[in-house]
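Read the structure below first, then the notes.
The values are calculated or read from the model by the stated rules, or taken from the named source; none is laboratory data. All figures in this text were calculated on a predicted structure; none of them were measured in a lab. Cβ sites come from the backbone with ideal geometry, for glycine too, and all protein chains shown count toward neighbours. What goes into the accessible areas is simple: the full protein's heavy atoms, side chains included, and nothing from ligands, DNA or RNA. Shrake-Rupley method; radii C 1.70, N 1.55, O 1.52, S 1.80 Å.
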Amino acid sequence: MNKVKFAKYVSLITFLGSTQLVAFAQNDGRPVYQQTPDYSDGISPFVNTRPRSLSAMRLSPSSFPDEAEIFCSYEQCVLGLTRGIVLGGDAFGMAYAPFRQYWDPNWKGGSFYLIDAFGGFQILRDVDNKIYMNAQIGYRRLNYDNNGTSITSQGITAKVNYSQTITSLYSQGISFSAFFSGNATTNNQNSISKDSNSHGTFNDNASYFYRQSQKYPTYQVSFPADIELVNWSNQQTGLSAPIRLYAHLEPFYFQNNLGFNYNNVSLQKTEQNFGIRIAATGGFESAEGSKSGRFSLLTSLGLDVSTSTVNTTQSGNSDADIPQRQWIAPYINLGGSWQF
């Protein structure tokens, strides 16, 4: 009888010990490699595993990085702090500015610099209902100085992003941003007039300055949508998680303003663009369940197709030639995240 009780005790201790070891293995921060069910028969012959939105992978603008996580792309870098609070900015643009003289084919000489930084908050991250929303506010300053004439634009930036998964394969969002900069300034206001001897220098500088500022619209409204067309399961790729491919469609409206307003001369240029972004987007993330060391990757290749109209308001015989946005332009975005 005692032998039977002893055997039961040994079995109980072994079970509890193994349970603790499994729990430790799943929560020590290392990736948990899980086999994903096969969904190809129920959804699509091209979708071999459960669909997952870019927002859920924290690869869309509506989903900021989580705590102790950083995401960087061509458009911006964002560092997740705590409780949904983030800090970010156009790190690539600021780092590239001093090297434009070496690599920019449109460079006209002088010096160009950019300051772009913001703080943000993840307002909503509803994982169950797949709804995401965030907002950010920051400061931006652009300056170009060449041949003794400088042009500066600065102001407050604001942006709100929202997205929701409508079906398992389809996510729809809306994004609004604004750059409250007011009028630009120049150290030689007389050069704005075509009667000035230095107007040629001002015209060249304004043209280059405006070309760089097109990346930062005064107002922008867009409706990004992602449709998951294909995914390959980890059984097919041998990786820890599926590789996913999306069709990205984003109708947009951009407005860029460049204005100068002085007592004897004023100039206002307003460009408006209506168009659509069409791209193929690839997404990959480390296995579900991982925390420290979690990573994700984003690749987008496509085209922006848009119309362009420019309105001019002027006084004092002022003018400047500004380059309009091309009606078709390549779109490339590469990004990745890492959780500490």
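Residues that are under 16 Å from Gln76 (Cβ atoms) and in contact (Cβ under 8 Å) with a residue 40 or more places away in the chain were ranked within region 122-158; the one that is farthest from the chain's Cα centre (by Cα) is Leu142. Annotation: Asp66 fulfils all but one of (1) of a type in the set (Asp, Glu); (2) open to solvent by 60 Å² or more (accessible area, probe 1.4 Å); (3) in a strand (DSSP E or B); the unmet one is (3). Within region 45-54, can one find any residue that is at positive phi, open to solvent by 70 Å² or more (accessible area, probe 1.4 Å) and modelled with pLDDT under 90? No, region 45-54 contains no residue that is at positive phi, open to solvent by 70 Å² or more (accessible area, probe 1.4 Å) and modelled with pLDDT under 90. Within region 254-284, if we keep just the residues that are over 18 Å from Ser207 (Cβ atoms) and of a type in the set (Ser, Thr, Tyr), the residue that is least open to solvent (accessible area, probe 1.4 Å) turns out to be Thr281. Of the set (1) without any contact (Cβ under 8 Å) to a residue 60 or more places away in the chain; (2) among the hydroxyl-bearing types (Ser, Thr, Tyr); (3) out of contact with any Phe, Trp or Tyr (no Cβ under 7 Å at 6 or more places or on another chain), all apply to Ser308 but (3).
Restricting attention to region 292-316, which residues are small (Gly, Ala, Ser) and under 25 Å from Leu249 (Cα atoms)? So that I can check it myself, show each step before the final result.
Here is the first cut: in region 292-316, the residues small (Gly, Ala, Ser) are 292-293, 296, 300, 302, 306, 308, 315-316.
Passing the criteria: Ser296, Ser300, Gly302, Ser306, Ser308.
Taking region 124-142 as the range and being surrounded by fewer than 19 Cβ atoms within 10 Å (Cβ to Cβ) and touching a Phe, Trp or Tyr at 6+ places or on another chain (Cβ under 9 Å) as the test, the residues that pass are Leu124, Arg125, Asp126, Ile131, Ala135, Ile137, Tyr139, Arg141.
The criterion of at least 3 residues that are at pLDDT 95 or above and under 28 Å from Cys72 (Cα atoms) is met, among strands (runs of 3 or more DSSP E) falling completely within region 219-320, by 219-222, 225-232, 243-261, 266-285, 295-306. Just one of the listed residues (Gly173, Gly182) is open to solvent by less than 70 Å² (accessible area, probe 1.4 Å), touching a residue at least 12 places away in the same chain (Cβ under 8 Å) and not in a strand (DSSP E or B), namely Gly182.
If only residues of region 92-117 that are open to solvent by less than 40 Å² (accessible area, probe 1.4 Å) and of a type in the set (A, V, I, L, M, F, W, C) are counted, the one that is modelled with the lowest pLDDT is Ala97. Listed conditions (1) modelled with pLDDT of 95 or more; (2) under 23 Å from Ser318 (Cβ atoms) are all met by Val160, apart from (2). Answer yes if at least one residue in region 235-244 is among the polar types (S, T, N, Q), open to solvent by 60 Å² or more (accessible area, probe 1.4 Å) and out of contact with any helix residue (DSSP H, G or I) (no Cβ under 8 Å at 6 or more places or on another chain), and no otherwise. Scanning region 235-244, I find at least one residue that is among the polar types (S, T, N, Q), open to solvent by 60 Å² or more (accessible area, probe 1.4 Å) and out of contact with any helix residue (DSSP H, G or I) (no Cβ under 8 Å at 6 or more places or on another chain), so the answer is yes.
Filter region 321-340 for residues that are in contact (Cβ under 8 Å) with a residue 40 or more places away in the chain and assigned to a strand (DSSP E or B) and give the result. Of everything in region 321-340, those that are in contact (Cβ under 8 Å) with a residue 40 or more places away in the chain and assigned to a strand (DSSP E or B) turn out to be Tyr331, Ile332, Asn333, Leu334, Gly335, Gly336, Ser337, Trp338, Gln339. Screening Gly42, Gly84, Gly29, Gly17 for residues that are at pLDDT below 90 and at positive phi leaves exactly one candidate, Gly29. Scanning region 294-340 for residues that are closer than 30 Å to Arg52 by Cα and open to solvent by 40 Å² or more (accessible area, probe 1.4 Å) yields Phe295, Leu297, Thr299, Leu301, Leu303, Val305, Pro330, Ile332, Leu334, Trp338, Phe340.
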